[in-house]
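Inspection log for the structure reproduced underneath, given as structure tokens.
The values are calculated or read from the model by the stated rules, or taken from the named source; none is laboratory data. Since the model is a prediction, treat every value here as computed from it, not as a measurement. With ideal geometry, Cβ positions are generated from the backbone for all residues, glycine too; neighbour counts draw on all protein chains shown.
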Amino acid sequence: MTALFEHDLARLREAHLLRHRRQVSPLIAPAELAPSQEALRATTYLIDGKPRLSFGSNDYLGLSQHPAVMAAAHEAIARYGVGATASPLVCGHSPAHEQLEAALAAFTGLPRALYFYAGYAANVGLVPALVGKGDAVFSDALNHACLIDGIRLSRAELNVVPHGDLQALEAALQASTARRKLVVTDAVFSMDGNVADVPALMALCERFDAWLLIDDAHGFGVLGEHGEGTLSHFGMVGRGGVAPAWQGRMDRLIYMATLGKAAGVAGAFVAGEASMVEWVLQKARTYMFATAAPAMIAAALQASVQALQDEAWRRDHLRVLRERLRAGIVSAGLPWTLMPSETAIQPLVIGRNEDALAVMAALDAQGVWVPAIRPPTVPEGTARLRISLSAAHTVEQIDQLLAALVQAAV
Ligand SMILES: *Cc1c(COP(=O)(O)O)cnc(C)c1O
């Protein structure tokens, strides 16, 4: 056994695909925290003991270090204790969970929401609850791993659609004779940062009587006027609920978003038509057979979902940072390809695995942490730096990243 695994690990190492974890903690301890240092705490870390300016997290709004979010978790611990003790269907569902679900439904403008302890678990449970043998799934080639795993578990027929190719999707839907058809897509693609054309996908789903599942892990909090996510970005929902043009047309939509990224805490939710959500509650095995997230997490999320609505400056500032970074990379004439992206994810494609690792190391030597992303997370030959911006970054920190990139390119 040892020889087998050592042989396989050596092959990963040779292909520059071996990963290793770093030990990461905020540079500034909460006891020393002045209010002005809240942002610094969400961007500067001790990584393996060394201080680093980080562009690696998905904490797009800096809410993981928000004082009100941390306080809500503390209060909930005092009230509920730490563990949820059981599945939500046994006795793990608290008033904090119930209130969070109501808040998420109201905020996204959808009839009902169901909270899951993790996004991965949500997708792996959700897809098999929706479709099975005899049904067909149409999945964008760049969809997240957990959607793919959910599809595999469902045993529905899988049709992989080339990334963003609406014509190919149309042809595949037209050719299908399946009983139920489910189109599945990331709303914002996690390693590219681009946004799926959700209205066009909905129109195709209407034409071919298919359902549409969108995974808004990277849009929720970041896109939309108040951070409601990709549906609001396209004007499909607003503060008062579903927009007039989309009224009566949302029944075929299954919305899913995660809460460990822009919301800064953990978990995910599925939202949409009330009886669909009730069905998922009854059937998703990752919901039924897993211990609920602690109530303190649900309480922290209520505070963070409130903060992301109230503090619009976070999205405004993120936009300023993004434009500065993009303009700076273009004018520096770096030898790498910056992908088009209107989100917090700014991928700089380098190509070969070892080159991406070398650039990452050159940045690291300058105190700047940007993760290199390699296959199988991204397609072969497109290893990249996934620069991830946060509203907690300052303009000066963007300039520091730009200077480090220029240095790494020589
Ligand atoms: C991160 C991510 C998930 C998984 O969510 P977790 O809460 O981290 O388990 C699902 N889908 C997409 C697109 C993601 O980026």
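A few notes on this one:
- One residue alone among Lys133, Lys181 is more than 29 Å from Glu38 (Cα to Cα), touching a Phe, Trp or Tyr at 6+ places or on another chain (Cβ under 8 Å) and among the charged types (D, E, K, R), and that residue is Lys181.
- When Leu153, Leu89 are checked against the criterion of being within 16 Å of the ligand (Cβ to nearest atom), over 28 Å from His233 (Cα atoms), touching a helix residue (DSSP H, G or I) at 6+ places or on another chain (Cβ under 7 Å) and at pLDDT 95 or above, a single residue qualifies: Leu153.
- Residue in the range 395-407 that is at pLDDT 95 or above and part of a loop (DSSP other than H, G, I, E, B) present: no
- Residue match in the range 85-101 (condition: over 11 Å from Ala295 (Cα atoms), without any contact (Cβ under 8 Å) to a residue 60 or more places away in the chain and surrounded by fewer than 22 Cβ atoms within 10 Å (Cβ to Cβ)): yes
- Residue within the range 232-254 that is within 22 Å of Ser388 (Cβ to Cβ), touching a residue at least 12 places away in the same chain (Cβ under 8 Å), crowded, with 20+ Cβ neighbours inside 10 Å and under 12 Å from the mean Cα position of the chain (by Cα) present: no
- Elements of type helices (runs of 4 or more DSSP H) contained in the range 270-380, each with 1 or more residues being of a type in the set (Val, Ile, Thr) and assigned by TED's automatic domain parsing to the domain that holds Val131: 274-283, 285-288, 295-310
- Conditions (1) in contact with a Lys or Arg (Cβ under 9 Å, 6 or more places away or on another chain); (2) hydroxyl-bearing (Ser, Thr, Tyr); (3) in contact (Cβ under 8 Å) with a residue 40 or more places away in the chain; number of the one not met by Thr185: (1)
- Filter pass, Arg314 being surrounded by fewer than 21 Cβ atoms within 10 Å (Cβ to Cβ) and not β-branched (Val, Ile, Thr): no
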